[in-house]
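Q: Quick one: the structure is below, questions incoming.
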Amino acid sequence: MTPPAIDVERLVKIYQRGMAVDGVSFTLPVGSLTGLLGGNGAGKTTTIAMIMGLLTPTSGTVQVFGAHMPGQRYRVLHRMNFESPYVDMPMRLTVRQNLTVFGRLYGVDGLADRIAALADELGLTELLDRPTGKLSSGQRTRVSLAKALVNRPEVLLLDEPTASLDPDTADWVRARLQRYRAERGATILLASHNMNEVERLCERVIIMKKGRIEDDGTPARLLARYGRHTLEEVFLDVARGRPHTREAAQ
Amino acid sequence: MNPGSENPISQYTVSWRRIAAMIERYWYLLRSSWPRLLELVYWPAVQMLMWGFLQLYIGQNAGYFARAGGVFIGAVLLWDILFRGQLGFSVSFLEEMWSRNLANLMISPLRPIEFVLAMMVMSIIRLLIGMVPVSLLAIGFFGFNLYGLGLALAAFFLNLILTSWAVGIFVSGVVMRNGLGAENLAWSVMFLLMPLTCVYYPVAVLPPWLQIVAWSLPPTYVFEGMRALLIDHQFRVDLMVEALFMNMVLFGAGAGGFMLLLRAARRHGSLMQTGE
């Protein structure tokens, strides 16, 4: 049987300052697009870091395509990638140089063609020979996205991919992510504060609060369960501890 | 296998393509910044000129120093191999911290051993960019030909670069685990060794208890060996072999420390936060 793309079971992370993730479990099938919603300190970034093998769980397990993270990460890291506004690329290197270095680290065949195709797809062709540090934040986000896609990842982890982008560029990025997922059949896990983004992109939403999963379902089911019209209202209900309508009725 | 444990085979698999990619990354950076290139030559040149002129002055007034022609210049050049070798290694690592790129590397297929090998190559490249012009200046100004040491220079270089890598690897691990708050260690740690490794004076000058400390440090053997060569015209193979054994232990300890600190960084979440 083909293993799920991501399988997280009873995941716990305790730092000295306290509990960051508290018994989180979920499974993401291959080709799914899931949103991880939650306020600051909800545990989204910590969860993603453990899925990538950047952080060792205190207890519980993370498997990516059946490989335990972080112990067996080198079996799958070439099939994954990641983008976050909190991680940069060397600013003095040009866009082309950065993409070349990462392409080589991931062992991408036909790298020059791949970079040209990505640049075309993400509107970076004119920027390829400019230092990354001289670009606007929106342009840099597109470069980070190009880096995240350079190895055609089967699992793509995105931590607030449209933070700091203007609405037009954010919308443009979302459209490209949807296209990439459709073409590649990739599994995407997207952590975000942006409810519209999650509502538009994701077929499943996991809502986290204080390190735990508070709710999990399709956007339509969550809206129905809370009797709300938007995910933003659902999010506020969860953040402020209001029970959903079914619970309230009981 | 225990899910939390490291996979010992894949951890140490080496791909020359990935090492070359990292070297290319650092080379792009060096090439893009003339101040970075200039800095590699600037301090070694200033140091060499200062010690060279001091040696000229003392040599004209004291019989011993007249006999020990080139000891100070030789010492300053060898010291720079040790210091710049470590700095060349550590700065490559710091570049990843400064540019907040470490997480990108750690989620790529790049193995820690490949990362370390790339930084070792870069430390030699940075060293050559700095030291070759300065060693030529030493010939021009003072008639001191470092390359005239021949095989001894190779032995000195090997031992000094091994020490510098061992210290550089360990310091990088400390910075990785503790963030850029520990950056100053990278710039200053070698100066702790300077008085103890007897760069400019013989070990016999130290009090007996400090001599024990000095002889526990591999560079001491190199600087003593250099003085034996320049003053007594004798190449002390025994000193070089002892230094090599000590360096192998030191290098193993540095690499082991780096891996332990990497594991601790993974536990504490330091790889995500590369600030202070």
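The values are calculated or read from the model by the stated rules, or taken from the named source; none is laboratory data. On a predicted model such as this, the values are computed, not experimentally measured, just so you know. Glycine also receives a Cβ, built like all others from the backbone with ideal geometry; neighbour counts cover every protein chain displayed. Only protein heavy atoms, including side chains, enter the accessible area calculation; ligands, DNA and RNA are left aside. Shrake-Rupley method; radii C 1.70, N 1.55, O 1.52, S 1.80 Å.
Q: Could you tell me which of the residues B:Leu37, B:Leu54 is in contact with a helix residue (DSSP H, G or I) (Cβ under 8 Å, 6 or more places away or on another chain), surrounded by fewer than 24 Cβ atoms within 10 Å (Cβ to Cβ), farther than 28 Å from A:Asn151 by Cβ and within 14 Å of chain A (Cβ to nearest Cβ)?
A: Checking each option against the conditions leaves just B:Leu37.
Q: Let me ask something additional. Going by what's in this entry, would B:Met131 be described as away from chain A (no Cβ under 14 Å) and open to solvent by less than 10 Å² (accessible area, probe 1.4 Å)?
A: no
Q: Restricting segment A:65-81 to residues that are touching a Phe, Trp or Tyr at 6+ places or on another chain (Cβ under 7 Å) and more than 7 Å from chain B (Cβ to nearest Cβ), which is nearest to A:Ser192 (Cα to Cα)?
A: Selected residue: A:Arg79.
Q: Could you list, in sequence order, all residues of segment A:91-107 that are farther than 20 Å from A:Leu135 by Cα and surrounded by fewer than 19 Cβ atoms within 10 Å (Cβ to Cβ)?
A: Hit for segment A:91-107 is A:Gly107, nothing else.
Q: Just to verify a result, which residue in segment B:74-108, among those that are touching a Pro at 6+ places or on another chain (Cβ under 8 Å) and assigned to a loop (DSSP other than H, G, I, E, B), is surrounded by the most Cβ atoms within 10 Å (Cβ to Cβ)?
A: Only one residue fits best here, namely B:Asn101.
Q: Pairs needed: first member in segment A:113-128, farther than 16 Å from A:Val173 by Cα; second member anywhere, open to solvent by 50 Å² or more (accessible area, probe 1.4 Å); C-beta distance under 7 Å; at least 6 residues apart or different chains.
A: What qualifies is A:Ile115/A:Arg96; A:Leu128/A:Arg96.
Q: Sticking with this structure for a sec: A:Asp88: in a loop (DSSP other than H, G, I, E, B) and open to solvent by 40 Å² or more (accessible area, probe 1.4 Å), yes or no?
A: So A:Asp88 does not fit the description; no.
Q: Here are some residues: B:Phe144, B:Phe156, B:Phe115. Which one is of a type in the set (Phe, Trp, Tyr), outside any helix (DSSP H, G or I) and either out of contact with any Cys (no Cβ under 7 Å at 6 or more places or on another chain) or open to solvent by less than 20 Å² (accessible area, probe 1.4 Å) (or both)?
A: B:Phe144
Q: Of the conditions (1) within 14 Å of chain A (Cβ to nearest Cβ); (2) open to solvent by less than 10 Å² (accessible area, probe 1.4 Å); (3) in a helix (DSSP H, G or I), B:Ala138 fails just one. Which one is it?
A: Among (1) within 14 Å of chain A (Cβ to nearest Cβ); (2) open to solvent by less than 10 Å² (accessible area, probe 1.4 Å); (3) in a helix (DSSP H, G or I), B:Ala138 violates only (1).
Q: Would you call A:Val95 in contact (Cβ under 8 Å) with a residue 40 or more places away in the chain and over 17 Å from the mean Cα position of the chain (by Cα)?
A: In short, yes.
Q: Just to verify a result, which residue in segment A:56-85, among those that are touching a strand residue (DSSP E or B) at 6+ places or on another chain (Cβ under 7 Å) and assigned to a loop (DSSP other than H, G, I, E, B), is surrounded by the fewest Cβ atoms within 10 Å (Cβ to Cβ)?
A: Only one residue tops the list, namely A:Thr58.
Q: Please work out if B:Phe89 is within 21 Å of B:Asn247 (Cα to Cα), at pLDDT 85 or above, more than 14 Å from every other protein chain (Cβ to nearest Cβ) and within 17 Å of the chain's Cα centre (by Cα).
A: It is true that B:Phe89 is within 21 Å of B:Asn247 (Cα to Cα), at pLDDT 85 or above, more than 14 Å from every other protein chain (Cβ to nearest Cβ) and within 17 Å of the chain's Cα centre (by Cα).
Q: Is there a residue in segment A:6-29 that is under 14 Å from the mean Cα position of the chain (by Cα), at pLDDT 95 or above, more than 21 Å from A:Arg200 (Cα to Cα) and open to solvent by less than 40 Å² (accessible area, probe 1.4 Å)?
A: yes
Q: Taking the conditions exactly as written (farther than 15 Å from A:Thr94 by Cβ and not acidic (Asp, Glu)), does A:Gly133 satisfy them or not?
A: no
Q: Is one or more of the residues making up segment B:182-203 of a type in the set (Val, Ile, Thr) and either in a helix (DSSP H, G or I) or on the phi > 0 side of the Ramachandran plot (or both)?
A: Yes, some residue in segment B:182-203 is of a type in the set (Val, Ile, Thr) and either in a helix (DSSP H, G or I) or on the phi > 0 side of the Ramachandran plot (or both).
Q: Within segment A:154-181, work out how many residues are part of a helix (DSSP H, G or I) and open to solvent by less than 80 Å² (accessible area, probe 1.4 Å).
A: Qualifying residue count, segment A:154-181: 12.
Q: Additional query: So, of the residues in segment A:18-64 that are free of Cβ contacts under 8 Å to residues at least 24 places away in the same chain and in contact with a Pro (Cβ under 7 Å, 6 or more places away or on another chain), which turns out to be nearest to the other protein chains (Cβ to nearest Cβ)?
A: Checking each candidate, the answer is A:Thr56.
Q: Considering only segment A:82-101, state which residues are closer than 20 Å to A:Tyr180 by Cα and more than 7 Å from every other protein chain (Cβ to nearest Cβ).
A: Correct list: A:Glu83, A:Ser84, A:Pro85, A:Leu99.
Q: List pairs: first in segment A:152-172 and of a type in the set (Gly, Ala, Ser), second open to solvent by 30 Å² or more (accessible area, probe 1.4 Å), Cβ under 6 Å, 6+ apart or cross-chain?
A: Within 6 Å, the pairs are A:Ala163/A:Pro85; A:Ser164/A:Pro85; A:Ser164/A:Ser137.
Q: Regarding B:Ile124, is this residue within 22 Å of the chain's Cα centre (by Cα), closer than 30 Å to A:Arg104 by Cα and either open to solvent by less than 40 Å² (accessible area, probe 1.4 Å) or touching a residue at least 12 places away in the same chain (Cβ under 8 Å) (or both)?
A: For B:Ile124, the condition - within 22 Å of the chain's Cα centre (by Cα), closer than 30 Å to A:Arg104 by Cα and either open to solvent by less than 40 Å² (accessible area, probe 1.4 Å) or touching a residue at least 12 places away in the same chain (Cβ under 8 Å) (or both) - is met.
Q: Something else now. Pick from B:Arg100, B:Arg111: which is within 14 Å of chain A (Cβ to nearest Cβ) and on the phi > 0 side of the Ramachandran plot?
A: Exactly one of B:Arg100, B:Arg111 is within 14 Å of chain A (Cβ to nearest Cβ) and on the phi > 0 side of the Ramachandran plot, namely B:Arg100.
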